[in-house]
1. Scanning for something small (Gly, Ala, Ser), within 21 Å of Asn300 (Cβ to Cβ) and either at pLDDT 95 or above or in a loop (DSSP other than H, G, I, E, B) (or both), does segment 227-241 turn up at least one residue?
2. What are the residue pairs meeting all of these: first residue in segment 112-123, first residue within 12 Å of Arg86 (Cα to Cα), second residue basic (Lys, Arg) and in a helix (DSSP H, G or I), Cβ atoms under 8 Å, and 6 or more apart or on different chains?
3. Taking segment 429-461 as the region of interest, how many residues are assigned to a helix (DSSP H, G or I), under 18 Å from Gly403 (Cα atoms) and touching a Leu at 6+ places or on another chain (Cβ under 8 Å)?
4. Regarding Tyr197, is this residue of a type in the set (Ser, Thr, Tyr) and buried (at least 23 other Cβ atoms within 10 Å of the Cβ)?
5. Conditions: (1) part of a helix (DSSP H, G or I); (2) farther than 30 Å from Arg161 by Cα. Ala216 meets all but one. Number of the miss?
6. For segment 253-280, how many residues are in a helix (DSSP H, G or I), surrounded by 21 or more Cβ atoms within 10 Å (Cβ to Cβ) and in contact with a His (Cβ under 9 Å, 6 or more places away or on another chain)?
7. Could you please find all residues in segment 338-351 being exposed (fewer than 15 other Cβ atoms within 10 Å of the Cβ) and in a helix (DSSP H, G or I)?
8. Scan (1) in contact with a Ser or Thr (Cβ under 7 Å, 6 or more places away or on another chain); (2) part of a loop (DSSP other than H, G, I, E, B); (3) of a type outside the set (Phe, Trp, Tyr) for the single condition Gly192 breaks and write down its number.
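The values are calculated or read from the model by the stated rules, or taken from the named source; none is laboratory data. These numbers come from a predicted model, not from an experiment. Note: ideal-geometry Cβ built from the backbone for every residue, glycine included; neighbour counts use all protein chains shown.
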Amino acid sequence: MSPSSAQDSQPDFAFPEGFLWGAATAAHQIEGSPLADGAGPSIWTRFAHTPGMTFNGDTGDVACDHYNRWKDDVRLMRELGLQAYRFSVSWSRILPEGTGRVNQKGLDFYSRLVDELLANGIEPLLTLFHWDLPAALDDRGGWLNRDCADWFAEYGSVLYRALDGRVKKWVTLNEPWVITDGGYLHGALAPGHRSKYEAPIASHNLMRAHGAAVQAYRAIGKHEIGLVVNIEPKYPSTDSPADAAATRRAHAYMNEQYLHPALLGEYPPELKEIFGDAWPEFPQDDFELIAQPLDFVGINYYTRSVTTANDSYPLEAGAVRQPLGTYTETGWEVFPQGLTDLLLWFKRTYGDLPVYITENGAAFFDPAVAEGGRVRDPLRIDYLRKHLSAIHDAIAAGVDVRGYMVWSLLDNLEWSLGYSKRFGIVHVNYGTQERTPKDSARWYSGIIASHGRKLSDPLPY
């Protein structure tokens, strides 16, 4: 084969025109200064300060100090060539009591951040809620209180009035499944409840709040709003009927529990089987509120589950570790094909709604200190390359994927795992707060500049 024909046989990884390349973070994970300038405490401030709740007693009191270093962080985004930045707002910075009084200094922080992003040619994608519920609202029942739909719509409306137009892409909730599974069923995340009876109520009220916030946006806003879910394909570990049924339950519980009511106006029937007498009957009016028309859905993808029937609570289903799989520091299998499969399933199930990959990334071992101004992370580069290629395959098969946000821009507080897991493409020295773009950041920058075409280049190792 001649050199030119070899070149011609390389796949063309050009992405559709207008495809948005960016990175994502969350307020509590990077900002620090949780009570600065009149902010109220969140459930995560409270949870992290409860002994035994987080690894090493780590808190978000300092995190990446983004609250004070935001200008430098935006400059870094520009240097990397990011076209978009997905971030969340801390509800209790805006409304310290959760409702009522607006803290102007908190609002001003995000207003300045948005202006700085726009001045640097970076499009903001704003998430209203990434898990840090105001503690004052948790004291009133939090997501177990039906009034939360009104609270959330009020909070959203404050931001819409202040920022719509400068912000043209809005997200209501980030990963309602994690909020309820971790926070209300298993207790590993704030607010730390463990109740089979509470979890369905919290899930349902989250979706009602989502619907109310979309409704409020349609009255005030003029651009786009959507919902972000974390989903993962479930594959049965054997051909047995028990494993098939377990896989179906796991799929309904994680992948359909929030998308079905948001997009189809109903819950999958398996939820009643999973929760039994803990599954309430919900009024029809609720579903009309939840199923507000959306402009897009954000999908957060990290891994797959090869599923087997077992006695785990409450699903009676669990993941089987793959002996030849590559696993990240969080114990998640690297499985890029799962992202293509998932996107095709989304299109088959919910139609041609535009999709953004709003999180995708991996925690691999990175040193605490960047030596010689460099952090080599070949496994992360390989992970990103394979997953971007999987997205390209899904687009080629007709899925309307509009953009990609790598998780995460910065190493950060990984919730109850503290600072023990590093997901960033930019290394953070937690002692000095020095930022060092990892090799993966430089590589990703080249992908953005080439609009994906460099995916066909050999890895830089």
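1. First, pick out the residues of segment 227-241 that are small (Gly, Ala, Ser): 237, 240.
With the extra rule that they be within 21 Å of Asn300 (Cβ to Cβ), the set shrinks to none.
Checking segment 227-241: not a single residue is small (Gly, Ala, Ser), within 21 Å of Asn300 (Cβ to Cβ) and either at pLDDT 95 or above or in a loop (DSSP other than H, G, I, E, B) (or both).
2. Ile122/Arg78
3. 7
4. Values: of a type in the set (Ser, Thr, Tyr): yes; buried (at least 23 other Cβ atoms within 10 Å of the Cβ): no.
Answer is no for this residue.
5. Failed condition: (2).
6. Total satisfying the criteria: 2.
7. At the first step, the residues of segment 338-351 found to be exposed (fewer than 15 other Cβ atoms within 10 Å of the Cβ) are 348-349, 351.
The answer is Arg348, Thr349.
8. Of the numbered conditions (1) in contact with a Ser or Thr (Cβ under 7 Å, 6 or more places away or on another chain); (2) part of a loop (DSSP other than H, G, I, E, B); (3) of a type outside the set (Phe, Trp, Tyr), the odd one out for Gly192 is (1).
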